[in-house]
Structures are given as C-alpha cells and as structure tokens.
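S.K.: Below is the structure I would like to discuss, written out as structure tokens.
Just so it is clear, none of the values below were taken in a lab; they were calculated from the coordinates. The structure presented is a predicted model; accordingly, all values stated were derived computationally and were not measured. All Cβ positions, even for glycine, are placed from backbone atoms using ideal geometry, and neighbour counts span all protein chains on display.
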C-alpha cells in the first residue's frame, strides 16, 4: 500500500451547492488533519468532470505555491496545507474521472499514479481501474475492504459538507425574510439557537437575551413565525 493516498469526490444536487472533498490515508490510516474541502466556484450546474478539474487544479496549484515558499524560507513545512503530495490518487469513478486527474497533473508537470474506484450495479465498491485496466481484487480481501473504506469516507466527507452548505443556505433564506434581521443579527441567532426550529420556538425574552437583538427585532421574529403558522 502506498504511504500516502489522497481520494477525491464531488457532491451536489442538480448542480446546487456543489462541493468537492479530499481525504487522506497514510499507512492505511485516515489522517483527518489533512482532509480538505472545496466549494466549487467556477462550474455552473451539475458537471462532475469540470468540478473535479477545478478542485484538483486548486489543490496542486496551492501545493506548488507552498513548496516554492518553503524553499524560499517564507513558509514552514508544518504550516503548509497542500505542500505534501500523495504517492497515489484515488478518484471516485472510472476512466473519465481518472483522465481528468491525469490531465491536471500533466499541466503541472507532476507524475503521480491515478486509480479509479468503480462500483457495481448495487453501488458497492467493485475494484480499481489503473492504466485503463480494471484490476481483479477479491471481494473479501483486506485490500478490497481498505478501498471500500476510502471510497465510503471520501463520499461521506463530500456529502457532509454539501449538506452543511445547503442547510446554511436554507436557514439564511428564511431569516432574510424577517424584518430588522440583517447579516449580523442572523449570525447571532444561529450561533445561539443553532437551528430555525429552535428560533421558531424561542420565547420573546429568550430572543431579547441574544446579542444585538433588541425588543423590536425580537417581536418581529415572533410575529414572523406566528404568521407562517397561519399560511
């Protein structure tokens, strides 16, 4: 098993709140401190290939920039977030995803082996593709269990980030409709109560105790949710 493995995945729902994830395994163990997540900035709609190209480009550009700064003694190795490169890259997908990764690496002049983690018709990990060849791996082997663990982990990390962005967007859209609640007050409400349901059920005096929430704003919040119940 290569010393350091990085795996990548994309998550979105019909192109909304599209994100990418990078998980790292060193010596067969997940290294959570090196996990990275990416909010897709340049791709519109559901385009996993272009999204993968964006996050891989950002990851290795940051890495090369950090290596240059380390060489110039402008950055300590321990402070770098992307300067350690993997011995192998695993893509959640097949030949298309592999080719995207190889193209990005070629543009930077980087040579790292890339494999694709493919799934069967039941969406379970089936094996690896390398150099356009699907490698035969025994279903119950330790290697297959390891690959499955990586694939499940990179998918979980991407989904978790996607859901957090989606939930924040929904929360913000609701609070934006409440009179007298601007960006600062919205953050204070979410910081104290944690969810729309908790804000909805909060008493007037609880709301007033929230930093930056005066009695007029608190009453606006109470009135807003009362009116919502009538709709």
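S.K.: Between residue 76 and residue 141, with labels modelled 7 Å along Cα→Cβ, what's the label distance in nm to one decimal, could you check?
M.R.: In this crude label model, residue 76 to residue 141 measures out at 4.3 nm.
S.K.: Taking neighbour counts of Cβ atoms within 10 Å as a proxy for exposure, in what order, fewest first, do 31, 81 appear?
M.R.: Placing the least packed residue first, the sequence is 81, 31.
S.K.: Taking each pair of distinct Cα atoms in segment 176-230 once, what is the resulting Kirkwood hydrodynamic radius in Å? All intermediate terms of the calculation are to be shown ahead of the outcome.
M.R.: Values: mean 1/r = 0.0915 Å⁻¹.
Here the Kirkwood hydrodynamic radius works out to 10.9 Å.
S.K.: Per the Kirkwood formula on distinct C-alpha pairs, the Rh of the chain is how many angstrom?
M.R.: Every distinct Cα pair counted, the radius reaches 20.4 Å.
S.K.: Further question: Over the chain, what is the relative contact order in percent, taking alpha-carbon pairs closer than 8 angstrom and at least six residues apart?
M.R.: 17
S.K.: How high is the relative contact order of segment 176-230, given as a whole-number percent (alpha carbon pairs under 8 Å, six or more residues apart)? List each step's numbers first, then the result.
M.R.: Numbers: 35 pairs, mean separation 22.1, N = 55.
Value for segment 176-230: 40 percent.
S.K.: Per residue and in Å³, how big is the convex hull formed by the alpha-carbon atoms of segment 1-126?
M.R.: So the per-residue Cα hull volume is 122 Å³.
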